[in-house]
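Rule-based calculations on the coordinates, nothing more; no lab input. These numbers were taken from a predicted model, which means no experiment stands behind them. As a convention, Cβ positions derive from the backbone with ideal geometry for all residues, glycine included, and neighbour counts pool all protein chains shown.
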Amino acid sequence: MFGFVHNNKRFVQIIFAIIVLPFALWGVDSYNRSGNTADEVAGVNGSKITQQEFGNALSQQQDRLRQQLGKNLDPALLDSPEMKRSVLENLISQRMMLLSAKDLRLVVTDEQLASVISGVEAFQDSGKFDRKRYESVLANQGRSTIAFEENLRNDLMWQQMEEAYLQNGYSPSSTVENIIHLNEQQRTVTVSPVLFQSFTEQAKVDEDDLKKYYNQNLQEFQVKEQAKVEYVKFTMDDLLKNIEVSDEDIRKYYEEHQSQLGTPEERRAAHILITVAAGASQEEQEAAKAKAEQILQKVIQSPAKFAELAKQNSQDPGSAAEGGDLGFFGRGMMVKPFEDAVFSLKSGEISALIKSDFGYHIIKLLEIKPSKAIPFAEARETIFSKLREQKAAGKFAELAEKFSNTVYEQSDTLKPAADLVGGGIERSGWIVNGVEAGEPWTAKMLQAIFNDEVLKNKRNTAAIEVAPNVLVAARLIEYKPVAVSEFADVRGLIRQKLLLDQAFKMAVEQGKATLTRLQSGKDSPKISWGPVQDITRAKHGSLDPILVNTIFQANPVKLPYYVGVEVVGKGYLLARIDSIVDGDSTSEEKRLRYAQQLRQMTGEEMFRAYLADARKNADINIKLADIVPDQP
């Protein structure tokens, strides 16, 4: 658990950034504005959600997805109707809950607000809250302190309401036992697949079948519209080669930023963790603390046995086997209480109990790697590159606006825009609408090209950002409308599809017939069963999840018991259940763990039910349907 945080530092930093800086999805700074009704996206019990709030929330959610998914993000997702509907639904739920919180007179005091803000690392200098840094960070995001604090206050009220439900979930002992018995139930099975591939030679289709399928599924053979364009690409990299940086500027930067250029201090620590969830009951918290205190006394009596005690007692699977050793790490890599303790210890020193969201820690500082400044000669190239990029970024921002204006104002030619940035006009191959083909043919670029202004009115596209610091504008050269492929061109594909479909049906029919014989017990067909294996709902090796679900849904009166299921892409899978052993619920630690999970699940379900009921009784009016198309 705690080892995961350490071993995935970059991922955790991104998540912390997402949690810390935005705080809330909605812009409540406009919560009490009267505004223009034309600017209203939706209303909740008379409270307006403005178009600006919706735009801000959508932008923040898009930024989150970019940070979380990186290269794995499908750009089309960012502007999809589903994304917009999801954001609007969140805004409506949040506004509805905020109004309920205010009706219940829930209050977040100034002291509570100040405590949360002062604890945000982004607002701290040397571990202490810094007012100037706080204002600077918000200013860089284009946000005022007043609006930010109002957003945060409302966000904390939302959390109070949510926590009230999450902490009051229930977990009856009988239900806990049943869940353990079912969830950890072990079934001994063996599988025999009836694969469709073995029927492909028997499958047959005739010409009439092929033509019939073609005529009934013309949309399947539709070729999307295509276009060839000429385009101008303007990038910051184009500017870098002409940017000069003087030695004087490099030396000045080095002298002003020496503390940032060296290697920061790192510390190597080991810990013993006794886990307890942040939302656990007082009884569970005290039990975990008592256990940790007992271990701490053993550590104090025999400090040299810290690694041995960590292997025996630590509940952090990522480090226990290594004697609790977490390796070297710098500031910002661990949760704050843990980090503060580590950086306050001397080498070889052992901490008192440290409480974090993971539980109770006993920490031993193993080694200190002090910060180290690097000589000017070593830093020179890095500083040169940084200053050159800064200058190029400034020039790019200046030219980007002029580039965009030129493309728009002289929309019948790309030459003035190309001359402005010193670029050439390139030509594309055939571009298919909706089919991304790497940079620059991203979803946004395709949307800009396949637009009436470009296709019918022969105008330039807008300057589209297809990647960070990369702008592209295009102009139509040639166009092919939507068309349907000729039967002769797709005949082979249709034949292959129908043969595979028929082979699959034959496999399913044989599988079902075999299952009927097995279940009747009248016949004992020769079946090649696979190896016998013990499975649970959570641990089932390479077995198909659909088959596993069917195996555990079965309620055999007599064993062996046979089940079967058809699986697309495979055929029919037969399974024989030989034995069933319920999960063991005698372990008190296991019962506590399951009870805690059940309380959380029921608390979440109660909260969802409350939201659904509040939504049902709320006066909700979605006004700008064009922002969220196909609104149900």
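Could you calculate the contour length gain from GLN160 to GLU293, that is, 0.36 nm times the residue separation minus the distance between their Cα atoms, to one decimal place in nm?
On the way: separation 133, 0.36 × 133 = 47.88 nm, distance 3.12 nm.
Computed gain between GLN160 and GLU293 is 44.8 nm.
Separation of the range 156-172 from the range 279-340 is 28 Å, based on Cα centroids.
One chain, two ends: MET606 and ASN242. Fully extended at 0.36 nm per residue, the span grows by 124.8 nm beyond their Cα-Cα distance. Residue order for TRP430, TRP158, fewest other beta carbons within 10 angstrom first, comes to TRP430, TRP158. Across the chain, C-alpha contacts under 8 Å between residues 6 or more apart give a mean separation that, scaled by the residue count, equals a relative contact order of 26 percent. With a Förster radius of 25 Å applied to the C-beta separation of ASP125 and ILE368, the computed FRET efficiency comes to 0.65.
Computed packing ranks the peptides 569-582, 391-404 as 569-582, 391-404, most packed first, by mean other Cβ atoms within 10 Å. Between VAL116 and LYS623, what's the calculated FRET efficiency when r is the beta-carbon distance and R0 is 35 Å? Round to 0.05. Once the sixth-power term is evaluated, E becomes 0.55.
With a cut-off of 16 Å on the backbone N, the residues of the range 240-280 near the modelled label site 7 Å out from THR382 along Cα-Cβ are 250-266.
Note on LYS505 and GLN216: with the Förster distance fixed at 22 Å, the Cβ-Cβ geometry gives a FRET efficiency of about 0.80. Computed about its Cα centre, the charge dipole of the range 263-369 is approximately 240 debye, with only Lys, Arg, Asp and Glu carrying charge at their Cβ. With 0.36 nm allotted per residue and the present C-alpha distance subtracted, the GLN52-PHE328 stretch has 94.8 nm of extension available. Residues of the range 52-94 with amide nitrogen under 12 Å from the 7 Å Cα-to-Cβ point of ASN45? Residues passing the 12 Å test: 93-94.
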